[in-house]
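Read-outs throughout are calculated quantities, based only on the coordinates presented, and are distinct from any laboratory measurement. Since the structure is predicted, the reported quantities are computational estimates derived from the model, not experimental observations. Here the Cβ is made from the backbone with ideal geometry for all residues, glycine too, and neighbour counts use every protein chain on show.
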Amino acid sequence: MARRNRSSVFEDIIEIVAKLPWWFGVVLALISYLWLHYVASHPVSAAPTDIKQIGSNVVSQIWMSIATFLQYIIPGSCLIGAGISAYKKNVNGSAHSKLESDGWTSQARSIPSCPQCGAQMVKRTAKKGNRAGETFWGCSSYPACKGIRTAA
């Protein structure tokens, strides 16, 4: 199994939002902007009069500073993810309609079944050995079943 490269929190947000419907990503962007804008623009309380209030005043100042930057970055990440989601939906939708117009339903009937277990087979490409690069039909339940057929 390949290891995943390290990524930032914002790349993770983009990746997660891209898996959601595009409109949900737009709603997340709007909600996160409104909430972070509220935190960033919330009025600061007056200077602390008691030494016990200094800690809470500093924490609120830190949150305001962080929210000032995040109010643009997080919604931007959500909008990028929503754009990717919309693009994927558009590409997949047009590919699906093209398959139907090309008679994909009749092609689906020509998929062979496994000679060993009877499961549906999947077209694969050999990556190693003396047949590297050649296509073949492999069992969809691989590695439990190792049935193969030559591809025409």
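For region 20-87, the square roots a ≥ b ≥ c of the C-alpha gyration tensor eigenvalues yield an a/c of 1.5 or more together with a/b exceeding b/c, which makes the shape prolate. Could you tell me the relative contact order of region 111-152? Use alpha-carbon pairs under 8 Å, at least six residues apart, and round to a whole percent. After rounding, I find 36 percent. Phi-derived couplings, Karplus 6.51 cos²θ - 1.76 cosθ + 1.60 at θ = phi - 60°, listed residue by residue for region 76-83: x, 4, 5, 5, 5, x, 5, x Hz, with x used for Gly and Pro.
Kindly provide the Kirkwood hydrodynamic radius of region 111-152 in Å, to one decimal, from all pairs of distinct alpha carbon atoms.
Details: mean 1/r = 0.0976 Å⁻¹.
The Cα-based Kirkwood calculation yields 10.2 Å.
Label-to-label distance for residue 92 and residue 45 is 4.9 nm, based on points extended 7 Å past Cα in the beta-carbon direction.
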